[in-house]
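Following: one structure in structure tokens, then a few remarks.
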Amino acid sequence: MADGVDSMAAPKSELDLEQLQQYCIGKLSDAAEGFEVDRIIGGSSNPTFILTARAGGRRYVLRKKPVGKLLPSAHQVDREHRVMSALGTVGFPVPKMHFLCEDPKIIGTAFYVMDFMDGRIFRTASLPGMEKAEQAAIYDELNAVLARLHSVDYAAIGLADYGRPGNYYERQLARWIRQYRAAEVQHTPPMEKLMEELGKAIPEDDSTAITHGDYRLENMIFHPTEPRIVAVLDWELSTIGHPIADLAYNCLLYHSDSEIFGNLKNVDFAQSGIPTETEYVAAYCRRAGLSELPHFNFCLAFSQFRLLAIGQGVLKRAREGMSDSSRVGANTDPTGDLAERAQYALDLLHR
């Protein structure tokens with residue numbers, strides 16, 4: 001995690017600090033005198049805390065499952081820990097993992113502890129107040145690291161069983177339809193049509209790679225002064241999947257109106273260092289050795305659908321008072337107007 005992240009003192013009832021300290025002894029060299037704890041505010045998924053060792057002041061990050069009833073296959077901190085541990089062995093920019101604890105008796109849910117990372121997190125995708133050259137360099141780095149992720153030999157780093165290769169879109173569509181149904185708050189005809197039309201348009205392409213699942217600027221930590229990513233965070237949705245699904249999701253910034261997800265709607269690309277979508281996709285293709293992306297509009301539509309399904313889960317948890325997000329109110333759909341965004345995805349699909 002990075003300096004400058006909003007945080008607040010964690011309620012003493014949130015974590016059992018005595019049990020946590022005892023569990024960490026022998027796992028963290030400076031755990032014997034305990035920790036000061038701050039909770040990171042923001043996001044809508046797994047509760048995250050900064051642990052500062054009283055002995056020496058070294059900082060760690062603890063990330064845990066939320067409490068309460070969870071949607072199937074959501075909040076899998078064990079998968080986050082596994083993929084980052086594996087990627088760290090080949091020098092991919094992820095924090096160092098220290099341990100995973102799956103025993104709920106320690107702090108109430110499963111959790112892991114990793115290094116705290118110093119650096120910058122850019123919360124606004126348009127990078128306001130930044131020089132054109134640095135804007136260009138930051139987006140070029142974002143693009144390069146995504147292409148690098150997709151080039152990793154996942155079997156060689158022990159992730160051959162991290163997801164089922166093949167039929168990625170069929171499986172993902174079925175999964176997110178289930179998730180959407182579990183969190184559905186109202187019947188939305190455009191969403192129903194979108195799910196049906198996506199099922200009919202799945203491309204015959206079984207390319208596979210490690211996919212992050214939520215790859216966007218806000219989930220990166222950049223070096224304090226250089227346009228270089230030092231850590232990619234929030235791997236909860238990662239799997240072995242189709243690499244262009246990651247690229248398309250990353251490109252939703254060009255199609256978004258959401259302040260929470262992020263958007264580039266007011267960017268003057270002629271004057272900015274931020275690339276257009278066409279330029280960004282072309283840069284990825286050069287790095288990945290691809291000459292064309294014939295199914296990119298399907299990938300965009302699918303990514304929009306998936307984001308809408310995720311948003312419904314966030315909204316349901318917020319309405320039930322279980323959301324960890326300070327940015328999603330109980331009456332706010334974090335993906336915007338569901339019908340409007342579903343219709344937009346349909347329009348993308350039929351271009």
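If a residue has to be assigned to a loop (DSSP other than H, G, I, E, B) and surrounded by fewer than 16 Cβ atoms within 10 Å (Cβ to Cβ) to count, how many in the range 165-183 make the cut? Steps first, answer last, please.
Going residue by residue through the range 165-183, those that are assigned to a loop (DSSP other than H, G, I, E, B) are 165-167.
Add one more test, that the residue is surrounded by fewer than 16 Cβ atoms within 10 Å (Cβ to Cβ), and what stays is 166-167.
Total satisfying the criteria: 2.
Listed residues L194, L198; which is more than 21 Å from L237 (Cα to Cα) and out of contact with any His (no Cβ under 9 Å at 6 or more places or on another chain)? Walk me through it before giving the result.
Numbers: L198 fails: more than 21 Å from L237 (Cα to Cα).
When all the criteria are applied, what remains is L194.
Let's see how each residue does on (1) closer than 25 Å to G313 by Cβ; (2) among the aromatic types (F, W, Y); (3) surrounded by 19 or more Cβ atoms within 10 Å (Cβ to Cβ); (4) in contact (Cβ under 8 Å) with a residue 40 or more places away in the chain:
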| site | (1), (2), (3), (4) |
| --- | --- |
| L159 | no, no, yes, yes |
| K193 | yes, no, no, yes |
| L198 | yes, no, yes, yes |
| I221 | no, no, yes, yes |
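If V77 satisfies every condition in (1) modelled with pLDDT under 95; (2) assigned by TED's automatic domain parsing to the domain that holds A309 but one, which is the exception?
Checking V77 against (1) modelled with pLDDT under 95; (2) assigned by TED's automatic domain parsing to the domain that holds A309, the one that fails is (2).
Restricting to the range 114-133, name every residue that is charged (D, E, K, R) and part of a loop (DSSP other than H, G, I, E, B). Walk me through how you get there before you give the answer.
At the first step, the residues of the range 114-133 found to be charged (D, E, K, R) are 115, 118, 120, 123, 131-132.
Answer for the range 114-133, where residues must be charged (D, E, K, R) and part of a loop (DSSP other than H, G, I, E, B): D118, R123, E131.
Exactly one condition in (1) free of Cβ contacts under 8 Å to residues at least 40 places away in the same chain; (2) crowded, with 16+ Cβ neighbours inside 10 Å; (3) not hydrophobic (A, V, I, L, M, F, W, C) is false for R120; which is it?
(1)
Looking only at the range 263-308, count every residue that is assigned to a helix (DSSP H, G or I) and either touching a residue at least 40 places away in the same chain (Cβ under 8 Å) or of a type in the set (G, A, S) (or both) and tell me the total.
Of the residues in the range 263-308, the ones assigned to a helix (DSSP H, G or I) are 277-288, 296-308.
Then drop every residue that is not either touching a residue at least 40 places away in the same chain (Cβ under 8 Å) or of a type in the set (G, A, S) (or both), which leaves 280, 282-284, 287-288, 296-308.
Result for the range 263-308: 19.
Please find, within the range 84-131, the residue that is nearest to P66 (Cα to Cα) out of those that are outside the structural domain of L62 (by TED's automatic domain parsing) and among the basic types (K, R).
Ranking the candidates gives R123 first.
Just one of (1) out of contact with any helix residue (DSSP H, G or I) (no Cβ under 8 Å at 6 or more places or on another chain); (2) part of a helix (DSSP H, G or I); (3) surrounded by fewer than 16 Cβ atoms within 10 Å (Cβ to Cβ) trips up A144, so point out which.
With respect to (1) out of contact with any helix residue (DSSP H, G or I) (no Cβ under 8 Å at 6 or more places or on another chain); (2) part of a helix (DSSP H, G or I); (3) surrounded by fewer than 16 Cβ atoms within 10 Å (Cβ to Cβ), A144 is out only on (1).
From the list G108, G91, which residue is without any contact (Cβ under 8 Å) to a residue 24 or more places away in the chain and in a loop (DSSP other than H, G, I, E, B)? Walk me through how you get there before you give the answer.
Numbers: G108 fails: without any contact (Cβ under 8 Å) to a residue 24 or more places away in the chain.
Among G108, G91, only G91 is without any contact (Cβ under 8 Å) to a residue 24 or more places away in the chain and in a loop (DSSP other than H, G, I, E, B).
The values are calculated or read from the model by the stated rules, or taken from the named source; none is laboratory data. The structure displayed is predicted, hence computed values, not measured ones. Positions of Cβ are backbone-derived with ideal geometry, glycine not excepted, and every protein chain shown enters the neighbour counts.
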